[in-house]
Amino acid sequence: MYSFAFVPWIKAHMKHLPAEALPDAALKLELLALTIDAFQAAGYRAIGMDHFALPEDELSRAIEARTLHRNFMGYTVQSAGDMVALGISGIGDVQGAFAQNVKKLPGLRRRRCEPAASRSSAATRSTPTTGCAATSSRG
């Protein structure tokens with residue numbers, strides 16, 4: 001479960017949502033309590049801030065074995081060293097340093113093409129499959 005983040009200064013389409021129609025903090029807390037009760041009534045156990053698992057699930061077993069791990073994506077039974085992100089807005093974690101990819105496709109294409117373009121001053125031609133300029137060995 002996840003609390004809705006109203007961030008119209010980041011997500012322009014949210015400017016069309018009337019802020020007064022959104023639940024206030026007290027109602028959000030009440031909804032959280034109802035959700036927790038519903039999950040627990042269905043046999044799930046809380047394993048973290050907003051995660052639930054059935055007792056036989058590997059996440060529940062990892063709690064008992066004290067081997068449950070957490071990263072920025074959530075809870076996991078695997079200890080992850082480095083995680084490299086691919087794609088739009090992907091978040092990577094390499095030796096404790098977090099980095100997020102650009103959030104819009106044109107920016108991602110530009111970034112992906114920069115290293116190749118800066119390595120050579122050779123003539124370039126358009127590459128339709130990548131959208132990048134490909135270097136040519138012809139001078």
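FYI, it's all coordinate maths here, none of it is from the lab. Because the structure is a prediction, the values reported are computed rather than measured. Using ideal geometry, Cβ is built from the backbone for each residue, glycine included, and neighbour counts are taken over all protein chains shown.
Brief remarks follow.
- Test: residue in segment 69-86 that is part of a loop (DSSP other than H, G, I, E, B), of a type in the set (Val, Ile, Thr) and within 19 Å of the chain's Cα centre (by Cα): yes
- The condition (being basic (Lys, Arg) and touching a residue at least 12 places away in the same chain (Cβ under 8 Å)) is satisfied by just one residue among 110, 66, 45: 45.
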